[in-house]
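The values are calculated or read from the model by the stated rules, or taken from the named source; none is laboratory data. The model shown is predicted, which means the values in this text are computed figures rather than measured ones. Backbone-built Cβ (ideal geometry, glycine too); neighbour counts: all protein chains shown. Accessible surface is based on the protein model in full, side chains and every heavy atom, while ligands, DNA and RNA are left aside. Shrake-Rupley method; radii C 1.70, N 1.55, O 1.52, S 1.80 Å.
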Amino acid sequence: MPIRRFGGHRSLVSQNPKLSYGFTKMNVSRSGYRVFSANSSAACTELAKKITERLGVELGKSVVYQESNSETRVDVKESVRGQDIFIIQTIPRDVNTAIMELLVMAYALKTSCAKNIIGVIPYFPYSKQCKMRKRGSIVCKLLSSMLAKAGLTHIITMDLHQKEIQGFFTFPVDNLRASPFLIQYIQEEIPDYRNAIIVAKSPSAAKRAQSYAERLRLGLAVIHGEAHQSESDMADGRNSPPLSRTTTGHTGLELPLMMAKEKPPITVVGDVGGRIAIIIDDIIDDVGDFVAAAEILKERGAYKIYIMATHGLLSAEAPRLIEESAIDEVVVTNTVPHEVQKLQCPKIKTVDVSMILAEAIRRIHNGESMAYLFRNIALDD
């Protein structure tokens, strides 16, 4: 083998071939991982600390703040080169600021040569805007493209509003489930839960409620008929362009007229008399529907009414309405900050899901299968 010479001296690599192997070994050694909080709010920091405590690692050093002109600034205080980075981001009331914090932090880590950037977003914002409505847009698809452009390579979330949202992304999405934690709460915290019945507040929520009922070995009831338009009945542009207008030339095709829908009076399919009614849903935000459902169930003879939901947005006057309603308890997870709402309404209870988020982080970093986290989870959950 020819020996390279530099300034009359033999190359060290040529003298000691093992030295070259040693450098190669160092370059391919396994990198570590860090967990950062993308939000300076107490709730996000608390969730991030719970996750890092379960993982046995320290929370990454970073500063997230708003400048005087309301611009978001992120300063990462340590090296992340070649590491797997997990960004914890809860979504408070100021949704758009939280999104910018996540985007700016992801881009800062990308330009700092992080190996992989995984967003841990327990409640994915704009998930209700996943369908075309009139001349609007599918904002959820826009957000997925923005996250990919900012540098995210993977997302961990929980109970997406529609599972089809996963198809909006060009990178992997792990959609975890909160149902095991909520079912455990029912079994341990609701006295005489065997006398309960699972309730879907609308036919569209029946599949999720049926999954809970089957695993708890309980009956199922469905509330049919609503006093106002549901999400599926909103204007979607099918009456546009206007039916009558002045035209010249071709008048168009004569299409058969569709018969207008008429909503039936509200009825409860299933016997709730003398039972504990447990209403199941994924998001509780505007509580008007839940309050109306609770009143109907009370009229039908239910003596206790619980609401179980993964994401407790609880916007506007939700705490006051819950406190004044026939609802006995609202149980949500800590995917969304709701400490202020709990102070306003003692009926709101919280279930901690940091355990499954920490386990998902550990498995993704170690390259382990995620199937274990979905055992005994029905497709309709």
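Stretching the chain fully between Arg133 and Glu324 yields a gain of 65.4 nm (0.36 nm per residue, less the alpha carbon separation). The loop-placed trypsin sites (Lys or Arg not before Pro) in the stretch 192-223, going by DSSP, that have at most 10 neighbouring Cβ atoms within 10 Å of their Cβ come out as Arg217. Using a/c under 1.5 as the rounded threshold, could you call the stretch 46-173 rounded, prolate or oblate? The axes a ≥ b ≥ c are square roots of the C-alpha gyration tensor eigenvalues, and prolate needs a/b larger than b/c, oblate otherwise. It comes out prolate by the Cα gyration axes. In loop segments of the stretch 257-356 as defined by DSSP, the GluC sites (Glu not before Pro) with at most 14 further C-beta atoms inside 10 Å of their C-beta are Glu262, Glu317.
Tell me whether the stretch 60-113 comes out rounded, prolate or oblate; compute the Cα gyration tensor, take square roots of the eigenvalues as a ≥ b ≥ c, and use a/c under 1.5 as the rounded threshold. It is prolate, given that a/c is not under 1.5 and a/b is the larger ratio.
Note on Lys201: lysines with a C-alpha under 24 Å away, same-chain residues under 8 apart excluded, are Lys128, Lys131, Lys163, Lys261, Lys263, Lys298, Lys304, Lys342, Lys347, Lys349.
Dipole check for the stretch 271-373: with +1 at the C-beta of Lys and Arg, -1 at the C-beta of Asp and Glu, and the Cα centre as origin, the magnitude is about 320 Debye.
Sorting Asp75, Asp84 on solvent-accessible area from highest to lowest, probe radius 1.4 Å, gives Asp75, Asp84. Restricting the stretch 295-381 to chymotrypsin sites (Phe, Trp or Tyr not before Pro) that sit in a DSSP loop and have at most 15 other Cβ atoms within 10 Å of their own Cβ leaves Tyr303. Between Ile327, Ala302, Ala260, the Cα set farthest toward the positive side of the dipole of the stretch 249-352 (charges on each charged residue's Cβ, about the Cα centre) is that of Ala302. The overall shape of the stretch 332-381, judged from the alpha-carbon gyration tensor, is oblate: a/c is not under 1.5, and a/b is no greater than b/c.
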